[in-house]
Amino acid sequence: MATEHRAVVEAVKASGESTLKRAKAKANETIGQFLNVTLDIAVTGKTGSGKSSFVNRILDLSDDDEGAAPTGVTETTMKRTMYEHPTMPNVNIWDLPGIGSPKFKAKNYLKDVEFKTYDFFIILSSERFLENDIMLAKEIRKQKKHFYFVRSKIDVDISSEKRKAGINEQSVLDTIRDYCVRNLNELGNPEVFLISSVDWQKYDSDKFKNTLIDDLPFHKRSALLQAWPVCSAAALEKKISYFKKQIWAASLATAGVALIPIPGTSITCDAAIGLVFLSRCYYAFGLDDRSLKRLSEKVNMNLLEYRAKSKFADAIQKKAVTTIKVCVSAATMSSCADLSSLLPGVGSAVAAGLSFASTQYLLREGVNELAKTAQAIIKVAGLQTI
């Protein structure tokens, strides 16, 4: 009991609340947001700016993957189209037709694309930002929502300019950024993010992600952080830090502070929360088949073998959790037992009633092991630097 008591005190302290009752209520609210909060991101820009490829990078999909936004040299987005994130179904990326296109005139654009649907707008351009882009930004600002300017296809510009004598990459980036900002001076010189959908881990990708997270309401940050692709060590570390900080809430919500075991009461639902928490961690860290196969192809090496070294990753990959849509009420006790049995002395406690201390220990071990596995893969893949 002493160990359990210390664990509970620790969780209450992490919650920032003064009592166990208040901490439990906050834990339930936090995990509810973690599992269910929605995020709708709008991506717009003129024809040829690379909207669809940009949408696919956020979704961590290749342009030819099933479920990817169609790409082409002509306008492929004729109506607003929603793309559900493959592992975070409550995150939706909306590919919007370019403003000023025949069916979407600037004057009625926000009404036609149903402005209220989105949490924020990303305005994309592969050249300079034009009058329609500035007009759209002004209207979004009037409605008190955030917008972000992204200069796309930076890899193409770098490749082209490097052919010239005496030109280096940084000077090209500075020139592009200054040029874009000058065109937007009537908006108060907003920041412009330089992005390549081909080399997603380079340039301003991490800076862009961090800015979005900082600007979002607290309850929305979780969804974006979980869904954003792991494109660098910095991106991964931010995810790891987030999951570690949520263990207290997952533990309280999972075990229900079951200091007195009551076998057979609500153990299945309680167990499922912890199982889904570790599964979300698994997908967020890029340890699923799709993410690892794509990265393996990019770096020309088999990264799946590194995941096989993780007991938790192997259990999640092989057992019932094959999709992030797994419902809490549908998860089985045997699935949770598979994970808990990986740790000596924990399985019996879970079977007896999911005591809080053992649940907290299980989740910590799971997050730590999955994190170490993902860090090793990032290092081997050569993404340890930004």
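Can you pull out every residue in the range 36-74 that is surrounded by fewer than 17 Cβ atoms within 10 Å (Cβ to Cβ), part of a helix (DSSP H, G or I) and hydrophobic (A, V, I, L, M, F, W, C)?
Across the range 36-74, there are no qualifying residues.
Considering only the range 298-334, how many residues are hydroxyl-bearing (Ser, Thr, Tyr), at pLDDT below 50 and either surrounded by 14 or more Cβ atoms within 10 Å (Cβ to Cβ) or assigned by TED's automatic domain parsing to the domain that holds Ser197 (or both)?
Within the range 298-334, the first condition is being hydroxyl-bearing (Ser, Thr, Tyr), and the residues that meet it are 306, 310, 322-323, 329, 332, 334.
Now restrict to residues that are at pLDDT below 50: 322-323, 329, 332, 334.
The next check asks that each one be either surrounded by 14 or more Cβ atoms within 10 Å (Cβ to Cβ) or assigned by TED's automatic domain parsing to the domain that holds Ser197 (or both); those that pass are 332.
Number of matching residues: 1.
Say we look at the range 240-290 and pick out the residues that are modelled with pLDDT under 55 and in a helix (DSSP H, G or I); which of these is farthest from Gln226 (Cα to Cα)?
Ile267
Quick one: in the range 112-127, of everything that is part of a loop (DSSP other than H, G, I, E, B) and under 22 Å from the mean Cα position of the chain (by Cα), which residue is farthest from Leu216 (Cα to Cα)?
Once the filter is applied, the top-ranked residue is Tyr118.
Residues checked against (1) closer than 17 Å to Ile195 by Cβ; (2) among the small types (Gly, Ala, Ser); (3) out of contact with any Gly (no Cβ under 6 Å at 6 or more places or on another chain); (4) in contact (Cβ under 8 Å) with a residue 40 or more places away in the chain:
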position	(1), (2), (3), (4)
Ile122	yes, no, yes, yes
Glu131	no, no, yes, no
Met135	no, no, yes, no
Glu139	no, no, yes, no
Val150	yes, no, yes, yes
Arg163	no, no, yes, no
Ile176	yes, no, yes, no
Cys180	yes, no, yes, yes
Asn185	no, no, yes, no
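If you take the residues of the range 128-157 that are farther than 24 Å from Leu216 by Cβ and not aliphatic (A, V, I, L, M), which of them is surrounded by the fewest Cβ atoms within 10 Å (Cβ to Cβ)?
Checking each candidate, the answer is Glu131.
Considering the range 197-219 alone, what residues qualify as being farther than 16 Å from Ile41 by Cβ, part of a helix (DSSP H, G or I) and touching a Lys or Arg at 6+ places or on another chain (Cβ under 9 Å)?
Start the filter on the range 197-219 by keeping residues that are farther than 16 Å from Ile41 by Cβ, which leaves 198-199, 201-204, 206-207, 218.
Checking the rest, the ones that are also part of a helix (DSSP H, G or I) come to 206-207, 218.
The answer is Asp206, and nothing else.
Touching a helix residue (DSSP H, G or I) at 6+ places or on another chain (Cβ under 9 Å) and under 20 Å from Ala227 (Cβ atoms), is that true of Ala68?
In short, yes.
If Val12 passes every condition in (1) assigned to a loop (DSSP other than H, G, I, E, B); (2) more than 15 Å from the chain's Cα centre (by Cα) but one, which one does it miss?
(1)
State which residue pairs qualify: first residue closer than 16 Å to Met88 by Cβ and inside the range 14-37, second residue surrounded by fewer than 17 Cβ atoms within 10 Å (Cβ to Cβ) in any location, beta carbons under 7 Å apart, and separation of 6 or more residues or different chains.
The qualifying pairs are Gln33/His219; Val37/His219.
Checking Asn28 against (1) at pLDDT 85 or above; (2) within 29 Å of Ile195 (Cβ to Cβ); (3) surrounded by fewer than 20 Cβ atoms within 10 Å (Cβ to Cβ), only one condition comes out false. Which one?
(2)
Would you be able to tell me the number of residues in the range 165-189 that are buried (at least 18 other Cβ atoms within 10 Å of the Cβ) and part of a loop (DSSP other than H, G, I, E, B)?
1
So which of Ser160, Ser222 ends up being in a helix (DSSP H, G or I) and buried (at least 20 other Cβ atoms within 10 Å of the Cβ)?
Answer to the check: Ser222.
The values are calculated or read from the model by the stated rules, or taken from the named source; none is laboratory data. Worth saying up front: this structure is predicted, and the values here are computed from it rather than measured. FYI the Cβ positions are ideal-geometry reconstructions off the backbone, even for glycines, and counts take in every protein chain you see.
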